[in-house]
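> Can you read through this structure? Questions will come right after.
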Amino acid sequence: MDFLFDYISVNTFWTILFLAHALLAVALLGALTHQAMAVLLPVRQVIGDAGFVTRFRAVRGAGYATAVCVLWIATFVLGGWIYAKYRIYVRIPIEQEGFWKTQGVFELKEHVATIGLGLLPIYWYFWKNARAVEYDSPRKWVTVTLAGLCWYSFLVGHILNNVRGFGS
Amino acid sequence: MSTTTVTSSARTRSALASSSAFRTFATVFAIAAPVLYVIFEMANWPLFTYHPATNKFDLGWAPSVRDQGPAMHWYGWTLGTLLGSAVLGLIATRLPESTTRRIPLALVWATALAAIPILIYGLRFYWRWE
């Protein structure tokens, strides 16, 4: 990795890594939210012009499954990589300032990310068998669970960046 | 990427999606992962400890070393969870399908959700007003 630092500064490297993590998280959040809406409020039949909400939930969820798994793993790996720097340069100042609840919600984010990782194989299997009626209910609730975990992680990551983000 | 590679990759995905052994593996993996993670986290049993300031690893749990920065255990809990769940999933594929089909599929998401309040309780040190 050291050869990279001949071309870019250490700060630039970590900034690029962090932005990649954030952009992957945005893509993951979008895909999972579409899918969760599609299973919670499925569109049966559209009469007349479909509005924004109807179009939002009218996606074919099965097409998102592999992308969601790849995005979760990629976001997880980048997050895990950045986490080592976070532990030294972000968490210690947060503790020194006494922002305990902020630190607590981040600790929960790391747990949530791992719990979500464990759900990915069965989530993928359920969606690859989207026509199997026996999987309708677990497919729906696994998807909604993953979407909830993703929303929590995304918002907490955003809050932490607000507390001690770029340039601090 | 050649056409052959793409076709072969699609065939592998299709074979996995129709495999009852993969279904059993994924079901047991999903149920075991939150259980193992909660156990490893609450008992503080990481597979290894990482010291980010010095880039050193210790097998199992290790404390922070004075003047050498913090110790990180999350990587060790996560790896332990993934390996442990994979082993249990593989063992389950050896069981008769009539047995594994009896595992309620609702457990895959219910176990994950049930782990959350326990993990929140485990973080009680942080939930203070001061």
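> For the stretch A:55-87, which positions are assigned to a loop (DSSP other than H, G, I, E, B) and either among the basic types (Lys, Arg) or within 14 Å of chain B (Cβ to nearest Cβ) (or both)?
A:60
> Picking from B:121, B:126, which residue would you name as being on the phi < 0 side of the Ramachandran plot, in contact with a Lys or Arg (Cβ under 7 Å, 6 or more places away or on another chain) and among the hydroxyl-bearing types (Ser, Thr, Tyr)?
Result: B:126 is the single residue among B:121, B:126 that is on the phi < 0 side of the Ramachandran plot, in contact with a Lys or Arg (Cβ under 7 Å, 6 or more places away or on another chain) and among the hydroxyl-bearing types (Ser, Thr, Tyr).
> Here is a check on your reading of the model: is residue B:127 modelled with pLDDT under 95 and facing chain A (nearest Cβ under 7 Å)?
yes
> Would you confirm whether any residue within the stretch A:115-127 is surrounded by fewer than 17 Cβ atoms within 10 Å (Cβ to Cβ), over 19 Å from residue B:34 (Cα atoms) and either more than 8 Å from every other protein chain (Cβ to nearest Cβ) or not hydroxyl-bearing (Ser, Thr, Tyr) (or both)?
Within the stretch A:115-127, not a single residue is surrounded by fewer than 17 Cβ atoms within 10 Å (Cβ to Cβ), over 19 Å from residue B:34 (Cα atoms) and either more than 8 Å from every other protein chain (Cβ to nearest Cβ) or not hydroxyl-bearing (Ser, Thr, Tyr) (or both).
> Tell me, which residue of the stretch A:144-167 that is open to solvent by 60 Å² or more (accessible area, probe 1.4 Å) and without any contact (Cβ under 8 Å) to a residue 40 or more places away in the chain is nearest to residue B:18 (Cα to Cα)?
In this case the residue turns out to be A:155.
To keep it simple, each residue is scored yes or no on (1) over 23 Å from the mean Cα position of the chain (by Cα); (2) assigned to a helix (DSSP H, G or I).
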residue: A:18; (1), (2): no, yes
residue: A:21; (1), (2): no, yes
residue: A:26; (1), (2): no, yes
residue: A:30; (1), (2): no, yes
residue: A:36; (1), (2): no, yes
residue: A:39; (1), (2): no, yes
residue: A:42; (1), (2): no, no
residue: A:49; (1), (2): yes, no
residue: A:53; (1), (2): no, yes
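> Determine whether the stretch B:110-122 contains at least one residue that is closer than 30 Å to residue A:132 by Cβ, open to solvent by 60 Å² or more (accessible area, probe 1.4 Å) and free of Cβ contacts under 8 Å to residues at least 60 places away in the same chain.
Yes, the stretch B:110-122 has at least one match.
> Please find, among A:44, A:57, the residue that is surrounded by fewer than 18 Cβ atoms within 10 Å (Cβ to Cβ) and farther than 28 Å from residue B:78 by Cα.
A:44
> So the check is Cβ under 7 Å with 6+ separation or different chains; which pairs have a first residue in the stretch B:22-50 that's within 11 Å of chain A (Cβ to nearest Cβ) and more than 30 Å from residue B:70 (Cα to Cα) and a second one that's polar (S, T, N, Q) and in a loop (DSSP other than H, G, I, E, B)?
Close Cβ pairs (under 7 Å, with a partner that is polar (S, T, N, Q) and in a loop (DSSP other than H, G, I, E, B)) amount to B:24/B:93; B:25/B:93.
> Here is a follow-up. Pairs only if they're at least six apart or on different chains, beta carbon under 7 angstrom, first in the stretch B:68-95 and within 10 Å of another protein chain (Cβ to nearest Cβ) and within 19 Å of residue B:52 (Cα to Cα), second of a type in the set (S, T, N, Q) and part of a helix (DSSP H, G or I); list them, first residue then second.
Partner pairs satisfying both residue conditions: B:78/A:114.
> Additional query: Looking only at the stretch B:96-120, count how many residues are assigned to a helix (DSSP H, G or I), away from every other protein chain (no Cβ under 11 Å) and either in contact with a Phe, Trp or Tyr (Cβ under 9 Å, 6 or more places away or on another chain) or more than 29 Å from residue A:36 (Cα to Cα) (or both).
Selection size over the stretch B:96-120: 3.
> Okay, moving on. So, in the stretch B:51-67, exactly how many residues are away from chain A (no Cβ under 11 Å) and not basic (Lys, Arg)?
Matching residues across the stretch B:51-67 total 9.
> With the requirement that a residue be in a helix (DSSP H, G or I), surrounded by fewer than 24 Cβ atoms within 10 Å (Cβ to Cβ), within 7 Å of chain B (Cβ to nearest Cβ) and not charged (D, E, K, R), what does the stretch A:97-113 give you?
Once the filter is applied, which keeps residues that are in a helix (DSSP H, G or I), surrounded by fewer than 24 Cβ atoms within 10 Å (Cβ to Cβ), within 7 Å of chain B (Cβ to nearest Cβ) and not charged (D, E, K, R), the stretch A:97-113 yields A:100, A:103, A:104, A:108.
> Working only within the stretch B:22-61, note down all residues that are under 17 Å from the mean Cα position of the chain (by Cα) and at pLDDT below 95.
none
> Given the options A:65, A:27, A:38, name the one that is surrounded by 14 or more Cβ atoms within 10 Å (Cβ to Cβ) and closer than 22 Å to residue A:159 by Cβ.
A:27
> Right, something else. Identify all residues within the stretch A:128-143 that are at the interface with another protein chain (Cβ under 8 Å from one of its Cβ atoms) and either under 15 Å from the mean Cα position of the chain (by Cα) or buried (at least 24 other Cβ atoms within 10 Å of the Cβ) (or both); write none if there are none.
A:142
The values are calculated or read from the model by the stated rules, or taken from the named source; none is laboratory data. Keep in mind that what you see is a predicted model, and the values were worked out from it rather than measured. Heads up, the Cβs are rebuilt from the backbone with ideal geometry, glycines too, and the neighbour counts pull from every protein chain shown. For the accessible areas, the whole protein counts, side chains as well, though only heavy atoms, and no ligand, DNA or RNA atoms are used. Shrake-Rupley method; radii C 1.70, N 1.55, O 1.52, S 1.80 Å.
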